[in-house]
1. Condition first: facing another protein chain (nearest Cβ under 9 Å) and under 18 Å from B:D137 (Cα atoms). Now tell me which residues in region A:149-180 satisfy that.
2. Write out, first by first residue and then by second, each pair whose Cβ atoms fall under 6 Å of each other, whose residues are 6+ apart or on separate chains, and whose first residue, in region B:32-51, is farther than 15 Å from A:K68 by Cβ while the second is polar (S, T, N, Q) and away from DNA strand C (no atom under 15 Å from the Cβ).
3. Hey, among the residues in region B:21-38 that are within 15 Å of DNA strand D (Cβ to nearest atom) and surrounded by 14 or more Cβ atoms within 10 Å (Cβ to Cβ), which one's nearest to the other protein chains (Cβ to nearest Cβ)?
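Every number here is computed from the coordinates shown, using simple stated rules; none is lab data. Since the model is a prediction, treat every value here as computed from it, not as a measurement. FYI the Cβ positions are ideal-geometry reconstructions off the backbone, even for glycines, and counts take in every protein chain you see.
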Protein chains: 2
Amino acid sequence: MTTAAEPDDLAESARSRRRLAPDERREQLLVAAERLFARRPYAEVSTTEIAREAGVARGLLNHYFGDKRALYLEVVRRASLLPEFGEVPLAIGEMTERVDVAVRWFLGLITPERASYLTVRAAEGVGEDGDVLAILDEASDLAAGRVLEMVGGDPADPAARAVVRAYGELARGAVREWTRGALTREQAHLLLREALLTIVREVLPGL
Amino acid sequence: MTTAAEPDDLAESARSRRRLAPDERREQLLVAAERLFARRPYAEVSTTEIAREAGVARGLLNHYFGDKRALYLEVVRRASLLPEFGEVPLAIGEMTERVDVAVRWFLGLITPERASYLTVRAAEGVGEDGDVLAILDEASDLAAGRVLEMVGGDPADPAARAVVRAYGELARGAVREWTRGALTREQAHLLLREALLTIVREVLPGL
DNA sequence: TGCCCTTGTTGGCACTCTGCCAATAGTAGG
DNA sequence: CCTACTATTGGCAGAGTGCCAACAAGGGCA
């Protein structure tokens, strides 16, 4: 009985004296960090705590990520990208229809357990932090490109991308109001649909 | 010469062995903290540094604000509120005109040295931090009320306020794209004007 | 004018957190 | 089974933070 049977994938969170493959361990640490950083601001989460959550020695965090900040940036990067960004419904037909599909697609992505996407950027307060901004901007720009494709805009036009990136902020704000209960899903949908329609019809052509 | 002439307001940043009125000292510390927090994230700024910037002993920070976090929240509170929020131009006339005035007013507020307003919320990345969110939300809601007054909406309608709060995110995004050079001021203005117009005409009535 | 007392201000102690590194020990391959 | 590779650990040194008792600036009162 003392000989380890095969507790391979059970009690993963308990004692871990096991030697894992780097990728596996790295993933585990990221998940632990993600969980803690999501609930409390950066400075309030200690690496000791993260290590405990993952059931490893604190030094291992530095081994895998260098320092606390690098680990945090990694967490931000993961949270800022909606994995489903790729599965864009090829909307065809009337403009009204395409816009409606785009909005429905976006609203559908958020809700579930993708809540982390919402907490992104909803956090700290003041401060530049170019590293974080770069990550968030990249994700924002990626989403903007997708939306432009869906509504038939020109993804190559920098100004158009900028407008849609700004629209992304509206979308984030609308979803937040929705999840907070200040707006119903229908109301949020209405706002995003009309705004996007206006952008396509009135703003983009006027650039 | 050794007798202090009246170096009242000169070399304010140099040695300060002087005994200031609490309000004065507090203000000085806030300014110093604001300057540093604006350029680097919270965790990267040490209280030692802030104290040095203000030319006082580190312990004084704790005396005035309790702890580093409280000081930070104070800075966020100040940065989140546009002082000129009160001076709302009483827009009258056509709806198109009123919306245009509202947007021009908003865009006019931001640019100058009020840049701190932009860095608000542009910062960290992931994490809840209810304290910060509460501050930012309060400022956002205040601005939303003002805008509703200007365009003739009903500030008492929770849903309307929520929609305009979300619009505030679009505004913040548009200004950011503008200051970044991705949009001209005219383009940002166009976007914000058309979007607000659509909200007033199509969205608010449909709630 | 000169002392005194209020209180703004300082400096240092104790504790926690972080980064680093040498020592330890799983585990796969021979 | 044994060995070499390397994932993993534990502790050390330095920095940052909160706290508190002692100090002194400067206005008020005699």
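1. Restricting attention to region A:149-180, the residues satisfying the condition of being facing another protein chain (nearest Cβ under 9 Å) are A:158-159, A:161-163, A:165-178, A:180.
Within region A:149-180, A:E169, A:L170, A:A171, A:R172, A:G173, A:A174, A:V175, A:R176, A:E177, A:W178, A:R180 meet the criteria.
2. Final answer for the pair search is B:A38/B:S116; B:A38/B:T119.
3. Filtering region B:21-38 for residues within 15 Å of DNA strand D (Cβ to nearest atom) gives B:21-25, B:28-29, B:32-33, B:36-37.
Within this subset, residues satisfying the condition of being surrounded by 14 or more Cβ atoms within 10 Å (Cβ to Cβ) are B:25, B:28-29, B:32-33, B:36-37.
Details: B:R25: 21, B:Q28: 18, B:L29: 15, B:A32: 14, B:A33: 10, B:L36: 9, B:F37: 5 Å.
Result: B:F37.
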